[in-house]
Amino acid sequence: MFIQLPDGSSRNLQDGVTAFALAQDIGEGLARAVLAARVNGTLCDLSTVLADGDQVALITGKSDEALEVIRHSTAHLLAMAVQEVFPTAQVTIGPVIEDGFYYDFAFERAFTPDDLKVIEKKMKEIAKRKLPITREVWQRDDAITHFENLGETYKALLIGRIAEGEDVSIYKQGEWGDLCRGPHVPNTSKLKHFKLMKVSGSYWEGDASKAQLQRIYGTAWTSKDDLKAYLFRLEEAEKRDHRKLAKTLDLFHLQEEAPGMIFWHPKGWAIWQVVENEIRQVMQDHGYQEIKTPQVVDKKLWEKSGHWEKFRDDMFTTSTDNRDYAIKPMNCPCHVQVYNQALHSYRDLPLRLAEFGSCHRNEPSGTLHGLMRLRNFVQDDAHIFCEESQIQDEVGAFIDLVFATYKKFGFEEVIIFLSDRPKQRVGTDEQWTKAETSLHEALKGKDLTYGLNPGEGAFYGPKIEFSLKDCLGRVWQCGTIQVDFSMPGRLGAEYIAEDNSKKTPVMLHRAILGSLERFIGILIEEYEAKFPFWLAPVQAVVCNISEKQSEYVDEITKKMRAAGFRIESDLRNEKVGYKVRAHTLQRVPFILVVGEREMQEGTISVRTQSGEDVGTQSVETWISNMQNMEKEYK
């Protein structure tokens, strides 16, 4: 029989051979490296029997799909190790997740960090046994009886949900086995580069009313270097955690009385103002008009817009004077109300309305995470009302704007996805086709590479999503632009067309940063709060050596503030070395030291955050240098 390979070639093999035999036929080196196979598009074990005409890709550690197979197999290795160390522990489920896997266990006591060390050691021991991993097909009822006899209550319950008369797939390594669809690596010796990360509580089926379980998290990689790099990224991410840095640098805090809402401190609010003013200037430079709309709006508006049906469970509501209101979770219906207050002609379009809109959404408490996931956040939101013929130009201009803005903040790599029509949506198929086509054409017109997220568009229109890749390789979804043919009509928006007929404008929903809070969190972690000069909450601190220079410090501090810079003075009765170290730890870009000589000469001694001595400069020269530093960024 003939087997088709990805490079277009084929191999002539005997009938009934396995994917592993194919690897052997190609070469012993491949046979040693192969982990699994993709047969006719389906990921399979190497024991899979091939048929004439099958298209087969062999999966090695260099293949993109290798990680999924390795992590799946390592989860089973973890479960087997736990039961060898703690025979009374029951296994439940153990899926692959981003960067690793987890397994939930039922056990009479809490696992400890010391337990994880013992379990990981046992995993390495089992891996070295080179146990073959094989797939067996059992009758459903036999499998239930088998696991019940082992005391595996949860596993028996899972199998019991499979329809009667169906067979089940059991994967065994040695004598130990577990219910699983696979695929897995051929033997345990293929599992070498893994580490257990942590243990946490969980519930059976994710239901807090059911039995509490314990979840052990792990990670697994195809090489020692990849594992090492991942652990380094985690260590770096821990150092850069915006919540910890916020506490150290006194930027903001959260507290239980306002869950998911930020209390900004002076330094954190200074960063906010720089970011907000930057985006405000960008919008002014590109023809946007800034507006402000109410926080609390009658429920009827949200019903008309379609948001009440889709999002009412996420809305905070209130009532007064026998009327029901929602605290706005998004800004778009309110922007249509501003548009509707005037009679517009085609000559007025495109009309671009922008708002730093404060939104509230009732996010589950368990999902809240510092600045990254909040219940109250501000969007750099804008809506473009335009004619259908203007869509592509407006989307193209926005794409340019997004890239230019991200570059200013230090992000060079932007990942783009287009999300098209979901199953539940408003509008006609014709409208959706027009909207999707316009987004595709705009991206192609910029010669940009992008991926597709099928069915992930908003209920009112498709969207382009812009994500940033940070210095640790993490991806953050930020900007978006959406084409909406439906909401303007639902809310009565019209314009007078060139032929004097009344038409409904198209509405483009767009944001560059998305949530300002979240973007600031990304910035804190990207720079480890060592912000570039233009973005730093305190750009320089003036320190005196003795009390004699106090008046001079006050004088030059006021002069630099008058020039528009964020400058502080430190007149504490401390040694200057102590002050320099303290402000270095606070990530202040420049520390300006003033002694007797500097006071007499009208100068300052400039030191950088990294400890470099820039030398002595006149105050006027230093102000000019600061102005040049800000100009460089622009």
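The values are calculated or read from the model by the stated rules, or taken from the named source; none is laboratory data. Just so we're clear, the structure is a prediction, and the values are computed from it rather than from any experiment. Ideal geometry is used to build each Cβ from the backbone, glycine not excepted, and the neighbour counts take in all protein chains shown. Remember, those area values only see protein heavy atoms, side chains included, never the ligands or the DNA or RNA. Shrake-Rupley method; radii C 1.70, N 1.55, O 1.52, S 1.80 Å.
Below is a table of values for the structure above.
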| read-out | value |
| --- | --- |
| Residue list for the range 82-101, filter: buried (at least 24 other Cβ atoms within 10 Å of the Cβ) and over 12 Å from Asp178 (Cβ atoms) | Phe101 |
| Residue within the range 615-622 that is in contact with a strand residue (DSSP E or B) (Cβ under 8 Å, 6 or more places away or on another chain) and of a type in the set (Val, Ile, Thr) present | yes |
| Qualifying positions in the range 235-257 - within 22 Å of the chain's Cα centre (by Cα), in contact (Cβ under 8 Å) with a residue 12 or more places away in the chain and assigned to a helix (DSSP H, G or I) | Glu236, Ala237, Lys239, Arg240, His242, Arg243, Leu245, Ala246 |
| Leu78 being within 19 Å of Lys190 (Cα to Cα), within 31 Å of the chain's Cα centre (by Cα) and assigned to a helix (DSSP H, G or I) | yes |
| Boolean, Gly602 is surrounded by fewer than 12 Cβ atoms within 10 Å (Cβ to Cβ), more than 17 Å from Phe531 (Cβ to Cβ) and free of Cβ contacts under 8 Å to residues at least 40 places away in the same chain | no |
| Failed condition for Lys62, given (1) assigned to a loop (DSSP other than H, G, I, E, B); (2) free of Cβ contacts under 8 Å to residues at least 60 places away in the same chain | (2) |
| Matching residues, the range 466-477, being in a strand (DSSP E or B), without any contact (Cβ under 8 Å) to a residue 60 or more places away in the chain and open to solvent by less than 30 Å² (accessible area, probe 1.4 Å) | Ser467 |
| Strands (runs of 3 or more DSSP E) contained in the range 268-369 and holding at least 1 residues modelled with pLDDT of 95 or more, of a type in the set (Ser, Thr, Tyr) and touching a Gly at 6+ places or on another chain (Cβ under 7 Å) | none |
| Condition check for Thr405: of a type outside the set (Asp, Glu) and either modelled with pLDDT of 95 or more or outside any loop (DSSP other than H, G, I, E, B) (or both) | yes |
| Residues satisfying the stated conditions in the range 500-550, i.e. in contact with a strand residue (DSSP E or B) (Cβ under 8 Å, 6 or more places away or on another chain), outside any strand (DSSP E or B) and of a type in the set (Lys, Arg) | Arg518 |
| Selection from the range 205-225 of residues that are of a type outside the set (Phe, Trp, Tyr) and assigned to a strand (DSSP E or B) | Gln212, Leu213, Gln214, Arg215, Ile216, Gly218, Thr219, Ala220 |
| Filter result (surrounded by 13 or more Cβ atoms within 10 Å (Cβ to Cβ) and in a helix (DSSP H, G or I)) within the range 582-595 | Ala582, His583, Thr584 |
| Sole residue being surrounded by 15 or more Cβ atoms within 10 Å (Cβ to Cβ), over 30 Å from Ala529 (Cα atoms) and touching a strand residue (DSSP E or B) at 6+ places or on another chain (Cβ under 8 Å), chosen from Ala246, Ala220 | Ala220 |
| Residue match in the range 125-133 (condition: surrounded by 14 or more Cβ atoms within 10 Å (Cβ to Cβ) and of a type outside the set (A, V, I, L, M)) | no |
| Count of residues meeting criterion [small (Gly, Ala, Ser) and either more than 23 Å from the chain's Cα centre (by Cα) or open to solvent by 80 Å² or more (accessible area, probe 1.4 Å) (or both)] in the range 258-302 | 3 |
| Pairs, first touching a residue at least 12 places away in the same chain (Cβ under 8 Å) and open to solvent by 70 Å² or more (accessible area, probe 1.4 Å) in the range 333-348, second of a type in the set (A, V, I, L, M, F, W, C) and not in a helix (DSSP H, G or I), C-beta under 8 Å, six or more apart | Leu343/Ile496 |
| When residues of the range 605-634 are limited to those that are assigned to a strand (DSSP E or B) and surrounded by 12 or more Cβ atoms within 10 Å (Cβ to Cβ), the one nearest to the chain's Cα centre (by Cα) | Thr608 |
| Filter pass, Ala110 being touching a residue at least 12 places away in the same chain (Cβ under 8 Å), part of a helix (DSSP H, G or I) and among the small types (Gly, Ala, Ser) | no |
| Residues that are closer than 19 Å to Ile70 by Cα and in contact with a strand residue (DSSP E or B) (Cβ under 6 Å, 6 or more places away or on another chain), drawn from the range 11-42 | Ala19, Ala23, Val34, Leu35, Ala36, Ala37, Arg38, Val39 |
| Number of positions in the range 176-198 that are open to solvent by 50 Å² or more (accessible area, probe 1.4 Å) and closer than 19 Å to Phe105 by Cβ | 3 |
| The range 411-429, residues that are open to solvent by 40 Å² or more (accessible area, probe 1.4 Å), in contact (Cβ under 8 Å) with a residue 12 or more places away in the chain and under 15 Å from Leu468 (Cα atoms) | Glu413, Ile415, Phe417 |
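Residue-wise test of (1) more than 27 Å from Ile170 (Cα to Cα); (2) without any contact (Cβ under 8 Å) to a residue 12 or more places away in the chain; (3) open to solvent by less than 30 Å² (accessible area, probe 1.4 Å); (4) assigned to a helix (DSSP H, G or I).
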site	(1), (2), (3), (4)
Arg11	yes, no, no, no
Gly16	no, no, no, no
Leu22	no, no, yes, yes
Asp25	yes, no, no, yes
Leu46	no, no, yes, no
Ala51	no, no, no, no
